[in-house]
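Engineer: The structure follows.
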Amino acid sequence: MTTLSSRVRERSAHSRDAAARIGGLLVAVIVLLVSVVLSLMVGAQAVSAETVLAALVSFDGSDAHAIVRDSRAPRTIIGLVVGPALGVCGALIQAFTRNPLADPGILGVNAGATFAVTMGVGFLGMRSSGAYVWLALVGAFVITIVVYLIGATGRGGPSPERMTLAGVAIGAVLTGITSIVMLKNTEVFRALRFWGLGSLGGRDDDSTMVIVPFILAGLIISLLAARPLNAIALGEDLGRTLGAGLVRTRIVSVVGVTLLAGGATALAGPIAFVGLMVPHIVRWFTGPDQRWIIVCSAVVAPSILLLSDVIGRVVLPSGELQVSIVTAVLGAPVLIGLARRKRASGL
């Protein structure tokens, strides 16, 4: 009787968890759709939903249609491309480092990508969008490997604390060098001043099309790594018993982080806090299953990015408050509130 009762309770708990995950995903999809609509409608000049639909279906060349078609639609698309990359990248880093405070910014991945792009523009004269992609990917890959190797030194294998400290230190050094190069070379500063702030605006369609395949590949790799990451989360010894190859999983995770962080940085510049904040929000209703965390992060992250971009347009309608600034301002208090919830902050 006791065994039967425990099985009934387990099935009931499993059903509740599944309902919470599906319900959370449906809410996230609805919020994303609302975010897309707001991104197309809201700005220095408000545009009605009817005008937005007309501009997308039958462009007539009017000012309102031009605002939607030439300005807001491209940056909305960029948000839909970059957002999933940042959210899933943060979830992947937190999973394979087993550190809930890890993200591409804290581990220095964004700084490495930015540094590589700056060096390429400043000393190699590489100004095309295709060059940005390769430079950002190389920079993200090298820094991810360096931080991981530093964290793996000593006894006990990779240490989340050592990786975090190494990432912060290396990121600070690279950011300082990048700033010096940009300040001493006015041509580099002019070429990178908008890109380096982190923004969804000012990017062309060619740049987006070049980077989309890299981000799609990173998302697919992240999904493939989800199941073995679940096994490793139970402990390395138990993970091996369950068939998860530690070295293979870490290599796959590093490749995924490189593609996602490098691609997102190449397209929109360095945008911090999204990769740190989104997995905490998602774990609130998904629990620790990496498969659900990755899928839901890909939906929640673009919503936060697009809403932050809308806020930047409303707060500074005469110009534009960069989306990276808004995500940093909003992300800190939200993360503090989420971190107080054990279920949200635990891995």
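Engineer: If I ask for residues that are in contact with an Asp or Glu (Cβ under 8 Å, 6 or more places away or on another chain) and either of a type in the set (Phe, Trp, Tyr) or within 30 Å of ALA95 (Cβ to Cβ) (or both), which ones from segment 161-202 would you list?
Structural biologist: Those that are in contact with an Asp or Glu (Cβ under 8 Å, 6 or more places away or on another chain) and either of a type in the set (Phe, Trp, Tyr) or within 30 Å of ALA95 (Cβ to Cβ) (or both): SER199, LEU200.
Engineer: Report yes if some residue within segment 231-252 is part of a helix (DSSP H, G or I) and modelled with pLDDT of 85 or more; otherwise report no. Let's see the steps before the verdict.
Structural biologist: Quick first cut of segment 231-252, residues part of a helix (DSSP H, G or I) only: 231-233, 236-241, 246-252.
Add one more test, that the residue is modelled with pLDDT of 85 or more, and what stays is 252.
Yes, segment 231-252 contains a residue that is part of a helix (DSSP H, G or I) and modelled with pLDDT of 85 or more.
Engineer: Among ILE78, ILE22, which is the only one that is closer than 25 Å to ILE293 by Cα and out of contact with any helix residue (DSSP H, G or I) (no Cβ under 9 Å at 6 or more places or on another chain)?
Structural biologist: ILE22
Engineer: To continue, here is another question. Scan segment 202-213 for residues that are at pLDDT below 90 and either under 18 Å from VAL299 (Cα atoms) or among the aliphatic types (A, V, I, L, M) (or both) and jot them down. Reasoning before the result, please.
Structural biologist: Restricting attention to segment 202-213, the residues satisfying the condition of being at pLDDT below 90 are 202-211.
Scanning segment 202-213 gives MET209, VAL210, ILE211.
Engineer: On to the next question. Being buried (at least 24 other Cβ atoms within 10 Å of the Cβ), at pLDDT below 90 and in a helix (DSSP H, G or I): is that true of VAL278 here?
Structural biologist: Values: buried (at least 24 other Cβ atoms within 10 Å of the Cβ): yes; at pLDDT below 90: no; in a helix (DSSP H, G or I): yes.
Considered against the rule, which asks whether it is buried (at least 24 other Cβ atoms within 10 Å of the Cβ), at pLDDT below 90 and in a helix (DSSP H, G or I), VAL278 comes out as no.
Engineer: Which residues, counting only those in segment 65-82, are touching a residue at least 24 places away in the same chain (Cβ under 8 Å) and not basic (Lys, Arg)?
Structural biologist: Hits for segment 65-82 are ILE67, VAL68, SER71, ALA73, PRO74, THR76, ILE77, ILE78, GLY79, LEU80, VAL81, VAL82.
Engineer: Also: Is there a residue in segment 180-198 that is among the hydroxyl-bearing types (Ser, Thr, Tyr) and crowded, with 18+ Cβ neighbours inside 10 Å? So that I can check it myself, show each step before the final result.
Structural biologist: Of segment 180-198, the ones among the hydroxyl-bearing types (Ser, Thr, Tyr) are 186.
Subsequent filtering for residues that are crowded, with 18+ Cβ neighbours inside 10 Å retains none.
No, that holds for no residue.
Engineer: Hey, does segment 155-166 have a residue that's surrounded by fewer than 16 Cβ atoms within 10 Å (Cβ to Cβ) and modelled with pLDDT of 80 or more?
Structural biologist: yes
Engineer: For a quick check of your reading of the model, give me the residue pairs whose first member lies in segment 185-196 and is within 21 Å of ILE271 (Cβ to Cβ), whose second is modelled with pLDDT under 75, with beta-carbon atoms closer than 7 Å and at least 6 apart or on different chains.
Structural biologist: Once the first residue is within 21 Å of ILE271 (Cβ to Cβ) and sits in segment 185-196, its partners that are modelled with pLDDT under 75 give ALA191/ARG127; PHE194/GLY202.
Engineer: Looking only at segment 40-53, decide whether some residue is under 23 Å from the mean Cα position of the chain (by Cα), under 30 Å from VAL295 (Cα atoms) and modelled with pLDDT of 80 or more.
Structural biologist: Yes; the residues of segment 40-53 include at least one that is under 23 Å from the mean Cα position of the chain (by Cα), under 30 Å from VAL295 (Cα atoms) and modelled with pLDDT of 80 or more.
The values are calculated or read from the model by the stated rules, or taken from the named source; none is laboratory data. As the structure is a computational prediction, the values presented were derived from the model and not from experiment. Cβ atoms come from the backbone with ideal geometry, glycine included; neighbour counts cover every protein chain shown.
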